[in-house]
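Novice: First, the structure itself, so that you have it in front of you.
Quick note: the coordinates plus some simple rules give every number you see, no bench work behind them. Nothing here was measured: the structure is a model prediction, and the numbers come from that model. Cβ placement follows ideal geometry from the backbone for every residue including glycine, while neighbour counts extend to all protein chains displayed.
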Amino acid sequence: MAVLPRSPRSRGPQPDRARFWSRVRAAGVNGIDWKVREGFVQKAFPLQLPAVLGIELAGVVEAVGPEASRFRVGDRVMGPLGRLGAYADLVTVDEANLVRTPQGLDDVHAAGIPVAAVAAWQSLHHAGPIAAGQRILIHGAAGGLGGYAVQYAKRAGAEVFATASTAHVDYVRSLGADHVIDYRTQRFESVARDIDLVLDYVGGEVLDRSWQVLTKDGAIVGTASADILARTAPGRRGLWFMTKPDAALLERLTAEIAQGTLISKLGEVVGFDDIPAAIERNRTDPRIGKVVADLSR
Ligand SMILES: NC(=O)c1ccc[n+]([C@@H]2O[C@H](COP(=O)([O-])OP(=O)(O)OC[C@H]3O[C@@H](n4cnc5c(N)ncnc54)[C@H](OP(=O)(O)O)[C@@H]3O)[C@@H](O)[C@H]2O)c1
């Protein structure tokens, strides 16, 4: 039984002028799914019910609008949808958002890359350039964004502190983190001090406890608690971050993943009927890396 509705537009390709139709083969599951479901982000994602969730995909071009020029029918493509609706048979997509899926990268793996890989890169650089030797603390390092951020920060020459639950400590260490803090047995404040940048991919009380580990000029960039500005004490630097599609950046990062120089961890693959349960698990019991829905199942 399918619990989520398939796209109401799945009757057949009728491309808009500058867009193309893509048959969705796989779609990434993200925290935004349950946040939209709970009604938390109505300003950023206004809904007209019934709504189809899902914000990133991999698929194949089915039809091309007359003003779309970057792709041809039959091309394998991947990227953020730029709106909701990826858990569908067919979607129309703005061609500016998408990139070709590299040979050797399967659709399921590809579908989990666009949002996390790009958001991690953009959020790492959001507070300013990263200098070698900077001390960076990454909360939620075992998650979709965190896994990439650990690798990007290490490459930039930072000393990386990362938090993860007991079962995920070895995984985060394998990504190159210098200090992995098991947040279930240790308070991060007792290990991480004089931190120049906190990447807060968890939010809530984790964010509130993070001010004390910062240097005087240090910054917290948050992706999880949208009220970070209200939670920032006067004189401190707290920045809310919202990711934007960047096809050039996605293309570069995806090429690295295809070449094996950037690790992209696929934590779980579910079928279409299991998407609601996977969305709920993201809220209550997040998996390591990314969760992807294989829509061919
Ligand atoms: N603003 C934006 O543009 C934007 C873009 C993308 C995502 N987001 C948001 O950013 C957040 C992270 O996204 P994501 O895709 O990386 O999420 P995710 O894959 O669900 O990962 C979240 C991670 O947080 C960890 N975690 C939970 N409680 C923790 C704690 N107390 N301390 C440290 N780690 C903890 C979990 O690790 P363990 O399993 O080890 O517990 C989990 O792996 C989500 O809230 C998402 O909605 C925002």
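Novice: What are the residues in segment 279-294 that are within 11 Å of the ligand (Cβ to nearest atom) and assigned to a helix (DSSP H, G or I), if any?
Specialist: Scanning segment 279-294 gives ILE279, ARG281, ASN282, ARG283, THR284.
Novice: Go through segment 100-121 residue by residue and tally those that are at negative phi and more than 10 Å from the ligand (Cβ to nearest atom).
Specialist: Residues in segment 100-121 being at negative phi and more than 10 Å from the ligand (Cβ to nearest atom): 15 in total.
Novice: Further question: Which of (1) farther than 26 Å from SER190 by Cα; (2) buried (at least 20 other Cβ atoms within 10 Å of the Cβ) is the odd one out, the single condition ARG252 does not satisfy?
Specialist: The single condition ARG252 does not satisfy is (2).
Novice: Continuing with the same structure: Check GLU56 against each of (1) in contact with a Gly (Cβ under 6 Å, 6 or more places away or on another chain); (2) away from the ligand (no atom under 15 Å from the Cβ); (3) among the charged types (D, E, K, R) and name the one condition it does not meet.
Specialist: With respect to (1) in contact with a Gly (Cβ under 6 Å, 6 or more places away or on another chain); (2) away from the ligand (no atom under 15 Å from the Cβ); (3) among the charged types (D, E, K, R), GLU56 is out only on (2).
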